[in-house]
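Engineer: Here you go, one structure.
Each reported figure results from applying straightforward, stated rules to the coordinates on display, with no laboratory input. Given the structure is predicted, the values throughout are model-derived calculations rather than measurements. Neighbour counts run over all protein chains shown; Cβ positions are idealised from the backbone, glycine included.
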Amino acid sequence: MKLIYQVIGAMTLLSAASALMAQQTGTTFLKTNVNPGRAGVFVDGKYVGPAGNFRIGRKYALPPGTHQVKLVDPRYEEVSTTVELKEGKTTKLAETLKPLPLPKGPFGALRTPVPEKYAAVYINDKFYGHAGEFNNSSQKLMLPVGEYSVRVEPSSGAPINQKIKIEAGKTVLVH
C-alpha cells in the first residue's frame, strides 16, 4: 500500500513540475476533441497532425496568444476558429464537423507508401489526410476518375509532387 502512495505522490509531483515548467517557459497547450478524429489540425496555417492525436494522451505546445485553428477533412465542411491560449494553461477545442454529400463514382485508388506516416497529403491543393491513412493495400484513398495534382509534405525534407491519373478500379502509388 505504501508503494501505491509513493507512486501517486511521484505522479502528482511530476504533473506539478510539468505545469510549472510550462508556465516558466511561456508555453501553452492545445488539446482537441474533434469528430471525426482523423480531421487535420492546422494551427496558424501549419499542419500539426490528425485531431485524434491531441485528444487525450497528447497535446500540442504553442506560444501564448491568439492562434487561428482550422480543422479539415475532405468528407466534411472545414471549420476555422480563433483560440486564445494563456501562458501555462491547456486549452481544449471541441468541434463536430458537418458531413458533405458523398462523391459520385466510378472510383480508382491512391496509395501513399512514404516513410513518414503523418506527412500531410494534398489533392489539388486541398488537404485529404496523412500518408499513414493511405499507405497499404487495405488503406487507400478512393477518388473519382480524373487527373489530380498530389503533394505529400513530410515534417522535414522536400515534399513529393506528382501529377496522377485515376482510372476506374486501378490503384496509383505516390512515393
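Engineer: Please give the residues of segment 136-151, grouped as numeric ranges, whose backbone N is less than 17 Å from a label point set 7 Å along the Cα-to-Cβ vector of ALA168.
Structural biologist: 142-147
Engineer: How large is the Kirkwood hydrodynamic radius of segment 107-173, in angstrom, based on all distinct alpha carbon pairs?
Structural biologist: For segment 107-173, the Kirkwood estimate is 11.7 Å.
Engineer: Please list, by residue number, every one of the trypsin sites (Lys or Arg not before Pro) in segment 97-175 that is coil in DSSP and has at most 14 other beta-carbon atoms within 10 Å.
Structural biologist: Qualifying residues, ordered by number: LYS104, LYS117, LYS170.
Engineer: What ratio of Cα Rg to 2.2 N^0.38 Å holds for the chain?
Structural biologist: 1.26
Engineer: Here's a follow-up. Using Cα centres only, tell me the gap between segment 100-175 and segment 44-78 in whole Å.
Structural biologist: Using only Cα atoms, the two centres lie 21 Å from each other.
Engineer: Hey, can you grab everything whose amide H is under 5 Å from the amide H of ALA119? Only 5+ residues off in sequence or another chain; H modelled, so Pro and N-termini drop out.
Structural biologist: ALA131, GLY132
Engineer: Per residue of segment 161-171, what does 6.51 cos²θ - 1.76 cosθ + 1.60 with θ = phi - 60° give for ³J(HN,Hα)? Whole Hz please, x for Gly and Pro, Karplus curve as stated.
Structural biologist: 10, 9, 8, 10, 10, 8, 10, 4, x, 10, 10
Engineer: Same structure, new question: List every residue whose amide H lies under 5 Å from the amide H of ALA39, counting only residues 5 or more places away in sequence or on a different chain, with H placed 1.01 Å from N in the peptide plane.
Structural biologist: It is ALA51, GLY52, by chain and number.
Engineer: With θ set to phi - 60°, apply the Karplus curve 6.51 cos²θ - 1.76 cosθ + 1.60 along segment 118-134 and write out the HN-Hα couplings as whole Hz, x wherever there is a Gly or Pro.
Structural biologist: Result, ordered by residue: 9, 4, 6, 10, 10, 10, 6, 6, 10, 5, 10, x, 10, 3, x, 7, 10 Hz.
Engineer: From the helices alone, meaning DSSP H stretches of at least four residues, give me the mean residue ellipticity at 222 nm for the chain, per-run term -39500 (n - 2.57), in deg cm²/dmol to the nearest 500.
Structural biologist: Result for the chain: -5000 deg cm²/dmol, rounded to the nearest 500.
Engineer: Kindly provide the trypsin sites (Lys or Arg not before Pro) of segment 53-93 that DSSP labels as loop, not H, G, I, E or B, and whose Cβ sees at most 14 other Cβ atoms within 10 Å.
Structural biologist: ARG58, LYS86, LYS89
Engineer: Give, as ranges by residue number, the residues of segment 103-132 whose backbone N falls under 18 Å from the point 7 Å along Cα→Cβ of ASN161.
Structural biologist: Taking a point 7 Å out along Cα→Cβ of ASN161, the residues of segment 103-132 whose backbone N falls under 18 Å are 120-128.
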